[in-house]
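The values are calculated or read from the model by the stated rules, or taken from the named source; none is laboratory data. Predicted, not measured: the structure shown is a model, and the values here were computed from it. Neighbour counts run over all protein chains shown; Cβ positions are idealised from the backbone, glycine included. Keep in mind that these areas ignore ligands, DNA and RNA; they rest on the heavy atoms of the full protein, side chains included. Shrake-Rupley method; radii C 1.70, N 1.55, O 1.52, S 1.80 Å.
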Amino acid sequence: MFLLIFASGCTTNNRDQSHTLNEEKPQSNDVTIVEEVVFESEGVQLSGSMYIPKDARAAVVLVHGSDPVPRMTKLAQSLAKRDLLVLTYDKRGVGESGGVYVGLSGGNQ
């Protein structure tokens, strides 16, 4: 339920930017659509990607550790190939997301 509410708050930047990922030896069920999304968290716009497999069986949101790392695309691709819908995003102040990266010191920016 949380993911459905969370995903409904996401907006697509541009549907024309969606693209297909294929393995070196593509099979019909290995096609994953990638949609770029933007959502708001405490007044800051965060950017991410949704990896949508043809036959998604479940969904996950990748929440990364405390380092200023961008979205986890390789892990998202791997999980999507296993029929999981995946949302991965850039942290606040990292990659394409707005705001200021705070790090381990905490605080809301």
Scanning region 68-96 for residues that are open to solvent by 40 Å² or more (accessible area, probe 1.4 Å) and of a type in the set (D, E, K, R), the one nearest to Val38 (Cα to Cα) turns out to be Glu96
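Quick test for you: out of Gly65, Gly99, pick the one residue that is closer than 17 Å to Val38 by Cβ and either assigned to a loop (DSSP other than H, G, I, E, B) or open to solvent by less than 40 Å² (accessible area, probe 1.4 Å) (or both).
Details: Gly65 fails: closer than 17 Å to Val38 by Cβ.
Unique residue meeting the criteria: Gly99.
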Expected output for region 80-94 (first residue over 9 Å from Pro68 (Cα atoms), partner among the acidic types (Asp, Glu) and open to solvent by less than 30 Å² (accessible area, probe 1.4 Å), Cβ below 8 Å, 6+ apart or cross-chain) is Lys81/Asp30
With criteria (1) surrounded by 11 or more Cβ atoms within 10 Å (Cβ to Cβ); (2) modelled with pLDDT of 90 or more; (3) among the acidic types (Asp, Glu), Asp55 comes up short on (1)
Output yes when any residue across region 22-36 is of a type outside the set (Val, Ile, Thr) and modelled with pLDDT of 90 or more, and no when none is.
yes
Quick count over region 71-90, residues being in contact with a strand residue (DSSP E or B) (Cβ under 7 Å, 6 or more places away or on another chain) and in a helix (DSSP H, G or I), is 6
